[in-house]
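*Asks:* Have a look at this one before I ask anything.
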Amino acid sequence: MKKILAVEDSKVSQAQLLDILGGKYEVTLEENGAAAMSTAVETGPDLILLDINLPGMNGYDICRLLKGDARTREIPVIFLTGCDTGGEKVMGFEAGADDYIVKPFYSEELVARVSLHLASRREKQMAVEFERLKLLREMAVAISHEFNNPLTVILWHLHLATKQLGEGNEKACAHLSDLKLELDKIRRIVARLADASRDAKTEYVMGEEMIDVNRI
């Protein structure tokens, strides 16, 4: 279940938020900036609903702190406010807010905005993961090419050494045979890496295919 942190000092608004979102999400309520920052860092919510007019630190300051902290900057922040002025909206977006909802809010609008930003964050996370997997594929192919040349040389010299020893030195031949077996294992692993981009692909996102590392 997705986690939502609602920073709101009004008991009425708190009750509304719990009634509208409580059945769909895990909602945590806080009433001031210090508690909000602590909870955001400790629990890592998926989205934050933030009232602007709070005791002590206001919502703008809290949002700036959230967006300035590497641990919380990627969490979407939706401002909740009773004022519907252009100036307040501009200040909210300048502070780093992702969206703005005016009180009294309609349950349908709140659910729709929350769902939209949760989905948007998921897409961003998937895009980051996609880049990581893409890098993994490129590394796997590069490593296979880098290993192939020295492996080929080692196996060739191993073949020559075995041939020159002949049958006169059984112990040395046995050691060389064991060495070849281990090198063959490495060669098979390298071959699997080389084939990974063709044989171990799995459908990922947006029509892209990535390596399924469990099949390598």
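*Asks:* What are the residues in segment 37-75 that are part of a loop (DSSP other than H, G, I, E, B) and in contact with a Lys or Arg (Cβ under 9 Å, 6 or more places away or on another chain), if any?
*Replies:* Selection gives Gly44, Pro45, Asp46, Arg73, Glu74, Ile75.
*Asks:* Which condition does Leu110 not pass, out of (1) in contact with a Phe, Trp or Tyr (Cβ under 7 Å, 6 or more places away or on another chain); (2) under 28 Å from Gly23 (Cα atoms), if it passes all the others?
*Replies:* Going through (1) in contact with a Phe, Trp or Tyr (Cβ under 7 Å, 6 or more places away or on another chain); (2) under 28 Å from Gly23 (Cα atoms) one by one, Leu110 breaks only (1).
*Asks:* Select from segment 61-101 the residues that are among the β-branched types (Val, Ile, Thr) and over 21 Å from Tyr25 (Cα atoms) and write down the one among them that is farthest from the chain's Cα centre (by Cα).
*Replies:* Thr85
*Asks:* Under the condition of being assigned to a helix (DSSP H, G or I) and of a type outside the set (Val, Ile, Thr), which residue from segment 76-94 is surrounded by the most Cβ atoms within 10 Å (Cβ to Cβ)?
*Replies:* Among them, the one singled out is Gly92.
*Asks:* Identify all residues within segment 1-24 that are touching an Asp or Glu at 6+ places or on another chain (Cβ under 8 Å) and either modelled with pLDDT under 90 or assigned to a loop (DSSP other than H, G, I, E, B) (or both); write none if there are none.
*Replies:* The answer is Met1, Lys2, Glu8, Asp9, Ser10.
*Asks:* May I ask you to list the residues in segment 168-183 that are outside any helix (DSSP H, G or I) and surrounded by fewer than 10 Cβ atoms within 10 Å (Cβ to Cβ)?
*Replies:* Matches in segment 168-183: Gly168 only.
*Asks:* Something else now. Can you pull out every residue in segment 20-68 that is of a type in the set (Asp, Glu) and in contact (Cβ under 8 Å) with a residue 40 or more places away in the chain?
*Replies:* Listed by number, the residues that qualify are Asp46, Asp51.
*Asks:* If you don't mind, another one. Limited to segment 144-158, what total is found for residues that are under 41 Å from the mean Cα position of the chain (by Cα) and of a type in the set (Phe, Trp, Tyr)?
*Replies:* 1
*Asks:* Please go through segment 76-113 and pick out each residue that is touching a Lys or Arg at 6+ places or on another chain (Cβ under 8 Å), assigned by TED's automatic domain parsing to the domain that holds Gly22 and of a type outside the set (Gly, Ala, Ser).
*Replies:* Pro76, Val77, Ile78, Leu80, Thr81, Asp99, Tyr100, Ile101
The values are calculated or read from the model by the stated rules, or taken from the named source; none is laboratory data. The structure presented is a predicted model; accordingly, all values stated were derived computationally and were not measured. We place every Cβ from the backbone using ideal geometry, glycine too, and count neighbours over all the protein chains shown.
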